[in-house]
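To start, the structure itself, in structure tokens.
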Amino acid sequence: MKVLAGSGSRVLGLKVARLLNAEMVDVQVRRFPDGEIYVRLLGEVEGEDVVLVQSMGKNPNELLVEFLLLADTLKDLKARKVIAVVPYFPYARQDARFKPGEAFSLKTVVKLVEDVGIDAMITVDMHLHRIESPSKIFNIPAFNLTAMPLLAEYALKTLNLEEPIVVGPDEEAEQWAKTAAESIGSGYLVLSKVRLDDYKVEISSPQLNRVKGRNVLIVDDIISTGGTMSKAVKQVSEAGAKRIVAACTHPLLVGDSVYNILKAGAECVIGSDTVQSHVSYVSVAPIIANKLKEILFS
Ligand code: R5P
């Protein structure tokens, strides 16, 4: 087995390769003067099972094209199997045609990714809300892992967040709040969100009194502009929470998101390395490596 990492996941790819004791195939990626992307594999892949790791968090459009070029080249060069690991799968929030005439973007991206002939897909905390499982949208074997237990354990053990209650900032986050809470044996509650625009949201809940005097772990799949997380932190803080830790799997961290979340009352922001950032304290490499062993060796 060999591992190949695109620009979206160089370090994570290396960590996965080490855990699997697999050889890394280096990749050259550069840009032509007009902006087109050039990729070249710097190693042999013929007859090999190859794991292609490419998160598509920041600059998703560029990383998607790079992924398509790499995956198609692997197939052209006769890799036996190509297992795609896309820890942050892009366009998953546009998982329906909400208004007439809109693109159902997730469907289009899945179609493109599958068309290059990959054999299986691994994602992490993909924004599956209206679609219950990856098998409802992918036609190849697809596995969605979760970083929530890792984040919850980090808050509990490393940050000593004693006996926390877990909070999901909106209804869509119930799945993540539940998983995080169950993994550390705590309770959870879910707030209610109304999105006003790309940056602004309103958050409320009649259950906010449950956080009074408690340590609180707020979990979400994504922190993008931080609008959702900072509003949730503010509500929880005003309701009398003791310590507040804000956690997400995918720290996209657009603009002043971390500043705004801290200013709202969180003591820190933690995330995983599905998207490499200065808050990526938790690595998803072990859960990815374990799933790959299960797929390839069982
Ligand atoms: C949407 O429902 C997601 O789960 C996140 O809550 C959302 O993407 C976060 O975005 P932002 O940080 O821009 O509020």
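Details
- Top of L19, L191, L64 by mean-square fluctuation, Gaussian network on the chain, Cα under 10 Å: L19
- When only alpha carbons are used to place a centre, the stretch 20-54 and the stretch 82-141 end up 22 Å from one another.
- Per-residue 3J(HN,Hα) values for the stretch 166-179, derived from phi via the Karplus relation 6.51 cos²θ - 1.76 cosθ + 1.60 with θ = phi - 60°, read 8, 10, x, x, 8, 4, 5, 8, 4, 4, 7, 4, 5, 5 Hz in sequence order (x marks Gly and Pro).
- Under-5 Å amide H pairs with G265, H placed in peptide plane, nonlocal only: none
- For K15, the lysines whose Cα comes closer than 19 Å to its Cα, not counting residues fewer than 8 places off in the same chain, are K2, K291, K293.
- Taking the stretch 1-20 and a reference point 7 angstrom along Cα→Cβ of D26, the backbone N atoms nearer than 16 Å belong to 3-7, 10-11, 14.
- Lysine pair count for the stretch 148-273 [Cα-Cα under 23 Å; pairs on different chains or 8 or more apart]: 25
- Taking a point 7 Å out from the Cα of K99 in the direction of its Cβ, the residues of the stretch 176-216 whose backbone N falls within less than 13 Å of it are 196-198.
- Between the amide H of V51 and those of K2, V3, L4, I83, distances stay under 5 Å, these residues lying 5 or more places away or on another chain, with hydrogens modeled in the peptide plane.
- Extension gain, D34 back to V254 (0.36 nm per residue minus Cα-Cα distance, nm): 76.6 nm
- Residue separation of E294 and K107 scaled by 0.36 nm, minus their Cα-Cα distance, works out to 64.6 nm of gained length.
- The mean sequence distance of close C-alpha pairs (under 8 Å, at least 6 residues apart), as a share of the length of the stretch 88-152, puts its relative contact order at 30 percent.
- Compared with the dominant principal axis of the Cα atoms in the chain, helix 227-238 is inclined by about 30°.
- Measuring nothing but how far apart in sequence close Cα pairs (under 8 Å, 6+ apart) lie, relative to its length, the stretch 148-273 scores a relative contact order of 24 percent.
- Among 269-276, 6-13, the order from most to least packed when residues are scored by Cβ within 10 Å on average: 269-276, 6-13
- Neighbourhood net charge (12 Å Cβ-Cβ; Lys/Arg +1, Asp/Glu -1) for Q28: +1
Here, each number is a calculation from the coordinates, and none is a lab measurement. Everything numeric here is computed off the predicted structure, so don't read it as measured data. Virtual Cβ from ideal backbone geometry, glycine too; neighbours counted across all protein chains shown.
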